[in-house]
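For reference, the structure is listed below as structure tokens.
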Amino acid sequence: MAEVRVRFAPSPTGFFHVGSARTALFNWLYARHCEGTFVLRIEDTDARRNTPEALQVLLDGMRWLGLDWDEGPEVGGPHGPYFQSERGEHYRSAVEALLASGQAYERDGAVYFRLRGERYREHDPYLGEEVEKVRSEPQVWEDAVRGRVEQAVDRDFPIQRASGEPVFHLVNVVDDIAMRITHVIRGEDHLTNTARHLELYRALGAEPPVFAHIPLLLKDPAVGKGKMSKRDKGALLAEYRERHFLPAAVRNFLALLGWSPKGDREVLPLDDLVESFDFGGIQKGAARFEEGKLRHLNGHYLRELPIETYTWLARPLLAGEGIVGEEVDEDYLQRVLALCRPKLDLLEDLPGYCDFFFRREYPLEEAALARLRKKGDPRERAEELLGGLRHLPEGAGGAEVLGEAVETAAAESGHGEGVYRPVARVALSGRLSGPDLGAIAEVLGPAEVIARLERFAARLEEAGSAGAGS
RNA sequence: GUCCCGUUCGUCUAGCCAGGUCUAGGACACUGGGUUUUCAUCCCAGCAACAGGGGUUCGAAUCCCCUACGGGACGCCA
């Protein structure tokens, strides 16, 4: 079987859209699945927005997702250059050939592709003017995703602007021919361009590739209607990197948007994606991008990481929020994170979840205090907990100390232990939810548990004497 | 408006091509229960869909037609 060559051909706009990223991913997966070649070609014919920064955004995004290219910018290859801005001669000679064979003509300084068929003039309500139309033979192709598709092009179309610049349809086809692309995997928005492209392949005497039009990504209905656009919230790949999502999760999630492997598996690491990816699994209907499952996958991949790696990822985040400094004890940090990790899907939620482990001055949540007060005076309960600590076994750990306090206080007061635990939780962390209470106490250690209980009672005392409210 | 493509739980989807095994499966979300005498993890359970109509057939989510709805294209943008 002939070598499979696919390409991803983005235009550097300064943004890397999640829809583009998915198209890149599908191409990359197909190339790797077939052990073919993945080409990255930069469609930078629009000089205005073609900046080095814009290119960098693209390359960074590709690398972040783990999509390496076999031919393209920075790596070169036998079919270069891979920037359209440097391929002018290819386009010029193609235009000349079409002109010479009468398959194109000049008008108003631009060059148009000449369709074959009966011509007639008609008022076009969409364009609001009379135009020349052509009854051309419909182009038919077997789309790898959608099956047989048939469409006719009904107007001559420009292939070179009056400025001498070539137009997208021309450069796209000329480059795909020159780069020996065998499979064009692109968004469904190109479906209606395909007939034009097939006309060009025929006119240029080249065999067309296999086309696979993948479904579009639609915006979250909460955001609006239609396909996702660059301005939509959550539409930029960079957002997920900035929010510390794992690339593995984003990749897995993107792959599942419009494609599925046979069977019930959904958590698919790279190797599994590559192995099971094929056109047969591609959906025809458009997919809606919603963050829910992405979060879930992120949590999954996060929990699979070695705790050292997790800690390495979390440290700069916590440092950025001023929660930990350079001096923080690695072992302590790791023990805290091991407690928090099972509960969180997103790294970005970590600072707000674990900050109390590192701060003396953690806030006492008013809602938590209010709930404690429904079952009595939390300050009294705290005092009773402290009272239960008179006979402490030597060398007891934090969890044991807290357990002793709770049991003794419960036994002496006649209240249930269930009354004391929430109080202890708020005393140690400032809130009513969090990691396992015993585990918090163990990590904090006995001295800190006692100190926090004392401080809690003192803070409530101050608040009480200061008057109502907090 | 014209042309093209699509439509299975709220969302992502399996099943459709090779009609019966589908009282339509999984996952996320949600709800309830259990565990942890706390909790956003974990475990169990529940909720919830074949767009509508016609046809073919003994039998249709699966094949055909129509309608509705959704999306895309229609640029000297890519």
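Scanning for something away from RNA strand B (no atom under 16 Å from the Cβ), at pLDDT 85 or above and either loosely packed, with under 15 Cβ neighbours inside 10 Å or closer than 24 Å to A:ASP331 by Cβ (or both), does region A:435-446 turn up at least one residue? So far as region A:435-446 goes, yes, one or more of its residues are away from RNA strand B (no atom under 16 Å from the Cβ), at pLDDT 85 or above and either loosely packed, with under 15 Cβ neighbours inside 10 Å or closer than 24 Å to A:ASP331 by Cβ (or both).
Residue check: A:GLY224 meets all listed conditions (1) within 12 Å of RNA strand B (Cβ to nearest atom); (2) surrounded by 16 or more Cβ atoms within 10 Å (Cβ to Cβ); (3) without any contact (Cβ under 8 Å) to a residue 60 or more places away in the chain but one, namely (2). Scanning region A:97-120 for residues that are assigned to a helix (DSSP H, G or I) and either at pLDDT below 95 or surrounded by fewer than 18 Cβ atoms within 10 Å (Cβ to Cβ) (or both) yields A:ALA97, A:LEU99, A:ALA100.
Annotation note: Cβ proximity below 6 Å between a residue of region A:307-335 that is closer than 18 Å to A:LEU346 by Cα and modelled with pLDDT of 90 or more and a residue that is among the polar types (S, T, N, Q) and outside any helix (DSSP H, G or I) (sequence gap 6+ or interchain) occurs for no pair. Is region A:88-96 home to any residue that is surrounded by 15 or more Cβ atoms within 10 Å (Cβ to Cβ) and assigned to a loop (DSSP other than H, G, I, E, B)? Taking every residue of region A:88-96 in turn, none turns out to be surrounded by 15 or more Cβ atoms within 10 Å (Cβ to Cβ) and assigned to a loop (DSSP other than H, G, I, E, B). Kindly evaluate A:GLU165 against the criterion of being within 13 Å of RNA strand B (Cβ to nearest atom), over 17 Å from the mean Cα position of the chain (by Cα) and of a type in the set (Asp, Glu). The answer is yes for A:GLU165. Evaluate the following for A:ALA206: is it away from RNA strand B (no atom under 11 Å from the Cβ) and without any contact (Cβ under 8 Å) to a residue 60 or more places away in the chain? Yes; evaluated as a whole, the condition is true for this residue. Report, by residue number, each residue of region A:76-102 that is without any contact (Cβ under 8 Å) to a residue 60 or more places away in the chain and either closer than 13 Å to A:ILE42 by Cα or in contact with a Pro (Cβ under 6 Å, 6 or more places away or on another chain) (or both). Those that are without any contact (Cβ under 8 Å) to a residue 60 or more places away in the chain and either closer than 13 Å to A:ILE42 by Cα or in contact with a Pro (Cβ under 6 Å, 6 or more places away or on another chain) (or both): A:GLY76, A:GLY80, A:PRO81, A:TYR82, A:PHE83, A:SER85, A:GLU86. The set of residues in region A:136-153 being surrounded by fewer than 17 Cβ atoms within 10 Å (Cβ to Cβ) and charged (D, E, K, R) consists of A:GLU137, A:GLU142, A:ARG148, A:GLU150.
Pairing residues of region A:283-295 that are farther than 14 Å from A:ALA222 by Cα with residues that are assigned to a loop (DSSP other than H, G, I, E, B) and more than 6 Å from RNA strand B (Cβ to nearest atom), at Cβ distances under 7 Å and at least 6 apart in sequence or on separate chains, gives A:GLN283/A:PRO215; A:LYS284/A:VAL145; A:LYS284/A:PRO215; A:GLY285/A:PRO215; A:ALA286/A:PRO215; A:ALA287/A:PRO215; A:ARG295/A:ASP345; A:ARG295/A:LEU346. For A:LEU65, work out the one condition from (1) farther than 18 Å from A:ALA9 by Cβ; (2) more than 16 Å from RNA strand B (Cβ to nearest atom); (3) surrounded by 12 or more Cβ atoms within 10 Å (Cβ to Cβ); (4) not small (Gly, Ala, Ser) it doesn't fulfil. Every listed condition holds for A:LEU65 apart from (1).
The values are calculated or read from the model by the stated rules, or taken from the named source; none is laboratory data. No experiment lies behind these values; they were computed from the predicted model shown. Reconstructed Cβ throughout: ideal geometry from the backbone, glycine too, with neighbour counts over all protein chains shown.
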